[in-house]
Amino acid sequence: MKVGQPVLGPHMEPYLQAGVVLNDRIISRLVILGIPSVVIDDGFLNDTDIPSAVSVETRAEAANRVRELFDAPDYDRPVPTAPLGATVNNIIDEILSNASGTSSALNIMDIRAEDEYLYYHSVNVCVLSVLTGITLGYKRRKLFELGMGALFHDIGKRRIPSSILNKPGPLTKEEYAIVKQHTVFAKELLADNPSAAEIAYSHHERCNGEGYPLGLKAPHISPMAQIAGMADIFDALTADRVYRKGVPAHQAFEMLAAAGDYWFDYDLLLAFLYNIPAYPSGSIVELSCGEIGVVIGTPKGHSAFPEVKIILDPDKKRRQKPVILSTLKHNIAVLRLLEQEEIGRLGLMP
């Protein structure tokens, strides 16, 4: 298989360039580095422009800046948030510059080494939160406050022992109680930024009172904390980890959709899901018309109705010339996401 997207190291150095053909030696090295997956170039999207909210380079640079603050030696001293103000502004600028397109903005595959998870997770929650704020019509100042709070939402985890944070299995009751303290620690560490502190402190609160640290109920949980909480759940669910594979996006989408007016305000949740494709670009799906194809984009606000490049006809025979089909315009449903083994049996792997 051929690598379709560069795999970057902690300082933006390329571990692998796009176009490299994988072999056992390279795969073994990736496992040692804690990288659970790579993007494969299957040839289906070569002539397709896939828009993204934020570039790979911007996300990697932002993750690097987050790492510097998370890993600072004095874990008890308040964290200065101002140095990351430019990073958040860059993310907002890039999202706004790409916001005019009709395709869903969340299309980029996110590959991260295990020891990079927390940093990229922070950046992803920031990106998802800003996208939601734009959908809600937030002005620039409010977008900045939301982005800063989302970027620092897990800063309190710098005080949690890594043996607990990176435990490859279920936490004990005592360990979970320690992890829950990260919201309290975040409020202390973000003393120089009250709005970010409030988001970080409350992003695990839930409208039905099941959250923490205070067990607040609606309407006592700020909208921005709820937005960061949704983004936190979605990214955590869909991320590949060394000890488990991420949940497919459509399953994470359904799980969050079911939380409206239960865990989260319904209107806020709709704004969040507006930008989330249930089937990200590159997914190979079977349609209700019997055809099989690769997802190339999704109209905003119509998450379950992607645009699909049809590869196999209803008899599962290869089309000589692929065609682009809008499932929304033709009222066609996605039946299922194909598993890797089936994709191989159908001859769709490179």
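The values are calculated or read from the model by the stated rules, or taken from the named source; none is laboratory data. Being a predicted model, the structure only gives us computed values, none of them experimental. So basically every Cβ, Gly included, is an ideal-geometry build from the backbone, and we count neighbours across all protein chains shown. Only protein heavy atoms, including side chains, enter the accessible area calculation; ligands, DNA and RNA are left aside. Shrake-Rupley method; radii C 1.70, N 1.55, O 1.52, S 1.80 Å.
Rg/Rh, computed from the Cα trace of region 235-350 with Rh as the Kirkwood radius, has the value 1.01. Per-peptide packing, taken as the mean over residues of other Cβ atoms within 10 Å, places 224-233, 163-172, 281-290 in the sequence 224-233, 281-290, 163-172 from highest down. More than 15 angstrom separation, counting every C-alpha pair in region 110-171; what % is that? Result: 58 percent of Cα pairs exceed 15 Å. Remark: the Cα gyration tensor places the chain in the prolate category, a/c being 1.5 or greater and a/b exceeding b/c. FRET efficiency for the pair GLU188 and LYS217, taken as 1/(1 + (r/R0)^6) with r the Cβ-Cβ distance and R0 = 22 Å, rounds to 0.35.
What fraction of the Cα pairs in region 117-275, stated in percent, has a spacing above 24 angstrom? Cα-Cα pairs of region 117-275 separated by over 24 Å account for 30 percent. In the context of the full set of protein chains, residues of the chain present 47 Å² of accessible surface per residue (probe radius 1.4 Å, heavy atoms only). Taken along the Cα-to-beta-carbon direction at a fixed 7 Å, the label points for LEU237 and ALA82 span 4.0 nm. Each of PRO161, ALA196, ILE178 was scored by the projection of its Cα onto the charge dipole of region 140-255, and the greatest displacement toward the positive side belongs to PRO161; charges sit on the C-beta of Lys, Arg, Asp and Glu. The antiparallel fraction among DSSP beta bridges confined to the chain stands at about 95%. Of the heavy-atom accessible surface of the chain (probe 1.4 angstrom), what whole percent is carbon and sulfur? Ligands and nucleic acids excluded, carbon and sulfur give 54 percent.
Solvent-accessible area of ARG65, all protein chains in place: 70 Å² (probe radius 1.4 Å, heavy atoms, ligands and nucleic acids excluded). Pairs from the table (LYS142/LYS180; LYS139/LYS300; LYS2/LYS167; LYS187/LYS217) lying more than 23 angstrom apart at Cα are LYS142/LYS180; LYS2/LYS167.
Our Cα-only numbers for region 200-291 put the radius of gyration and Dmax at 15.0, 50 Å. Work out the charge dipole of the chain with +1 on the Cβ of Lys and Arg and -1 on the Cβ of Asp and Glu about the Cα centre, then indicate which of VAL285, ASN98, TYR266 is farthest towards its positive end. With unit charges placed on the Cβ atoms, the residue in question is VAL285. Solvent-free Debye calculation, one equal scatterer per alpha-carbon of region 276-330: log10 I(q)/I(0) at 0.26 Å⁻¹ equals -0.99. Taking all protein chains together, HIS182, HIS330 sort by accessible area into HIS330, HIS182, largest first [probe 1.4 Å]. Near GLU205: Cβ cut-off under 14 Å, other residues only, Lys/Arg at +1 and Asp/Glu at -1. The net charge is 0. Among TYR119, TYR176, TYR279, which one moves the most in a GNM of the chain with springs linking Cα atoms closer than 10 Å? Checking each option, the largest mean-square fluctuation is seen for TYR176. Local charge for MET224 was computed over the other residues whose Cβ lies under 10 Å away, with Lys and Arg +1 and Asp and Glu -1, and equals -1. Taking a sphere under 10 Å around the Cβ of GLY4 and counting the other residues whose Cβ falls inside, with K and R at +1 and D and E at -1, yields a net charge of -1.
Seen through its C-alpha gyration tensor, with square-root eigenvalues sorted a ≥ b ≥ c, region 168-241 comes out rounded because a/c lies under 1.5. For the pair region 203-220 and region 252-277, the centres of their Cα atoms are 16 angstrom apart.
The packing ranking of peptides 197-208, 244-255, highest mean first, is 197-208, 244-255, where packing means the average number of other beta carbon atoms within 10 angstrom of each residue. Each Lys and Arg Cβ is given +1 and each Asp and Glu Cβ -1; about its Cα centre, the chain then shows a dipole of about 300 debye.
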